[in-house]
Amino acid sequence: METNTIQTTMLGLLETLVQKSLITNEQFQQLQQDFTPTSHIDAAIDWADVRKLFFDNGVTPNFTVEPMNSANLCPTFFPVLRSINALRLQFNEDISMQSRKKRYTEILETIRKVIGYHVGAVSESGVKNIALVRNTSEANNQLSKGYKHWEGNAVLLWDENHPTNNNVWKLRATSTKKVKMFSLKDVDFFNSTDAEITKEIGDVIIDAIRQSSEKIVMLSFSEVSNISGICMPSKEIVARVRAEYPEIHIHIDGAVSWGGLEINLKEKNGVKGVDCDSFASSSHKWLMGPFETGIFYMKPERAQNFDISIHAYDGKIGFSDTIPNDTSRFELLGQRDEANIYALGQTIATHNRINGSNPKRIEERVKFLQDDLRKKLVLMAERLRVKVEHITPISQKFSNGVTVFSITTPNGAINHEKLYNDLYGEKNEKNRFAVGFIPERKGDNPHPEALRICPHIMNLPNQITAVVLKIASLIQKNHTITIEELNAVTQEEVLS
């Protein structure tokens, strides 16, 4: 099973490091405790205990500012931070090339395997289909900077892509390298069935490909929009496009999905994956891992279609004039932080311990918290007689954790940027929240300014109660909504 394989692989890495005297016996004893076999995880899980994973033992699990902006940044698991610090101190004692080559190679190649298990992208022996990059932005830039087939053709992008997968393409476009856009503004996410929505999205993309005067050679979209919270039906999109246009390179930006959604790129646990040509993500968002550590998956046979933008040290801390033919060509980035790369594997192992025998446990929890937030906003809207307009679809298929909404009072729209700042509050103030603000969008696909709240597994329903209660107080100081009323919403969900 994938989960136990990951734990065993990480333990094997530690055994190799201690055998080669790259970590001490004391460090080995400490670090191995983080890889409890997944079979020891009970079928039920106490989410209050999961919250404690973000704090040192014995520390009251309260954040100075409650994190609810997972689409931008998440806190890192405390044991992962502890390992990073311990390994950096150890590695700092021996900075020789001899030891660095040994430990970097061992760590890099083992974590590459762990990532492959986790995202369903185990590669053939000797072929690398995953590059360890610094973040999604770096991977996205590798695509737009180096795509050899772009000349004389066009790429097709979703208009809700992140700027590194949208604006950057436009900045690099020329008279012979075109950018085409598609929009989902006419898709009715609130009144159509999931099947109808899936078909409509596919129709929009296929129509854009057919109507382009230039040949479309790449389709690129965010799996989850950080602007609207729309969760794209990636597997269905890939299958639809692949059936009619097999030569198009399909790239998925997974910055806002990895860690909140179960990812399966090729095959996992006997289930066929999405089958996209490339996928990129970062560990500092929903994965709750180390900063400046990301992944770039690409089918090896597609890798040679891209020139690289950085050519420095490889995984063995050596320079070669020959560029690898596989996906590892994108990680020739020079000196790396091997403690962070190790920490990425530990983060993945932590996810798998939480998931236990259910690979979708975290995803289901994210959807539960999102639904809890929505229902509490409904109660608030009814009591305050305000309108909460959801920009994010309500369907669980087309949303996953990112909730974008705007509030209108009888006196008109509120100032959402002020609300965003007031929720953050002042130093020493109780109940402070890190959420997101979405500016007003104009043009062909307009949206009002909005608030974005993205709860994750470090949050409990009582924190969602607290943020809704603070929103209510900022809108109407003398409201009569109580904590008990809002908490009762969660109890009804648990019982239903």
Any chance you could count how many residues in region 170-199 are within 24 Å of Lys442 (Cβ to Cβ) and free of Cβ contacts under 8 Å to residues at least 40 places away in the same chain?
11
Return the pair list, or none, for Cβ contacts closer than 9 Å from residues in region 17-42 that are assigned by TED's automatic domain parsing to the domain that holds Tyr342 and on the phi > 0 side of the Ramachandran plot to residues that are modelled with pLDDT of 90 or more and of a type in the set (A, V, I, L, M), at least 6 apart or on different chains.
none
Output the number of residues of region 214-247 satisfying the condition of being without any contact (Cβ under 8 Å) to a residue 40 or more places away in the chain and either assigned to a helix (DSSP H, G or I) or over 22 Å from the mean Cα position of the chain (by Cα) (or both).
12
What's the number of the condition Gly401 fails, among (1) touching a residue at least 60 places away in the same chain (Cβ under 8 Å); (2) of a type in the set (Gly, Ala, Ser); (3) in a strand (DSSP E or B)?
(3)
Take the conditions part of a helix (DSSP H, G or I), assigned by TED's automatic domain parsing to the domain that holds Asp203 and either of a type in the set (A, V, I, L, M, F, W, C) or out of contact with any Gly (no Cβ under 6 Å at 6 or more places or on another chain) (or both) and apply them to Asn161. Does it pass?
no
Conditions (1) modelled with pLDDT of 95 or more; (2) out of contact with any Leu (no Cβ under 9 Å at 6 or more places or on another chain) -> Lys268 fails only (1)
Which residues, taken from region 444-483, are modelled with pLDDT of 95 or more and of a type in the set (D, E, K, R)?
Glu449, Arg452, Lys470
Condition test on Glu151, is it of a type in the set (D, E, K, R), touching a Gly at 6+ places or on another chain (Cβ under 8 Å) and at pLDDT 95 or above?
no
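So how many residues does region 49-79 have that are under 24 Å from Gly229 (Cβ atoms) and of a type in the set (Asp, Glu)? I'd like the intermediate steps shown before the answer.
If we filter region 49-79 for residues that are under 24 Å from Gly229 (Cβ atoms), which is where we start, we get 50-51, 54, 63, 65-76.
Add one more test, that the residue is of a type in the set (Asp, Glu), and what stays is 66.
Qualifying residue count, region 49-79: 1.
Looking at Ser99, Ser70, Ser83, can you tell me which residue is at pLDDT below 95 and either surrounded by 16 or more Cβ atoms within 10 Å (Cβ to Cβ) or not assigned by TED's automatic domain parsing to the domain that holds Arg365 (or both)? Break it down stepwise before answering.
Numbers: Ser70 fails: at pLDDT below 95; Ser83 fails: at pLDDT below 95.
It is Ser99.
Would you mind stating whether Ser123 is within 26 Å of His311 (Cβ to Cβ) and among the hydroxyl-bearing types (Ser, Thr, Tyr)?
On the way: within 26 Å of His311 (Cβ to Cβ): yes; among the hydroxyl-bearing types (Ser, Thr, Tyr): yes.
It is true that Ser123 is within 26 Å of His311 (Cβ to Cβ) and among the hydroxyl-bearing types (Ser, Thr, Tyr).
Name the residue that is modelled with the highest pLDDT, counting only residues in region 108-134 that are of a type in the set (S, T, N, Q) and assigned by TED's automatic domain parsing to the domain that holds Ser282. I'd like the intermediate steps shown before the answer.
So in region 108-134, the residues of a type in the set (S, T, N, Q) come out as 110, 123, 125, 129.
Right, trim to assigned by TED's automatic domain parsing to the domain that holds Ser282 and you get 123, 125, 129.
On the way: Ser123: 89, Ser125: 83, Asn129: 96.
This residue is Asn129.
Check every one of the helices (runs of 4 or more DSSP H) wholly within region 15-95 and list those with 2 or more residues that are within 21 Å of Ser283 (Cβ to Cβ) and in contact with a helix residue (DSSP H, G or I) (Cβ under 7 Å, 6 or more places away or on another chain).
78-92
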Looking at (1) under 30 Å from Pro359 (Cα atoms); (2) in a helix (DSSP H, G or I); (3) of a type in the set (A, V, I, L, M); (4) within 21 Å of the chain's Cα centre (by Cα), which is the only condition Val168 fails?
(1)
Which residues, taken from region 371-414, are in contact with a strand residue (DSSP E or B) (Cβ under 6 Å, 6 or more places away or on another chain) and either under 30 Å from Thr5 (Cβ atoms) or modelled with pLDDT under 95 (or both)?
Asn400, Gly401, Ile414
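Looking only at residues in region 467-479 that are over 25 Å from the mean Cα position of the chain (by Cα) and closer than 21 Å to Ser70 by Cβ, which one is surrounded by the most Cβ atoms within 10 Å (Cβ to Cβ)?
First pass over region 467-479, keeping only residues over 25 Å from the mean Cα position of the chain (by Cα): 469-479.
This time we only want the ones that are closer than 21 Å to Ser70 by Cβ, so: 469-471.
Values: Leu469: 19, Lys470: 19, Ile471: 25.
If we take residues in region 467-479 being over 25 Å from the mean Cα position of the chain (by Cα) and closer than 21 Å to Ser70 by Cβ, then Ile471 is surrounded by the most Cβ atoms within 10 Å (Cβ to Cβ).
The values are calculated or read from the model by the stated rules, or taken from the named source; none is laboratory data. Owing to the predicted nature of the structure, the values given are computational and were not obtained by experimental measurement. No Cβ is skipped: glycine too gets one built from the backbone with ideal geometry, and neighbour counts run over all protein chains shown.
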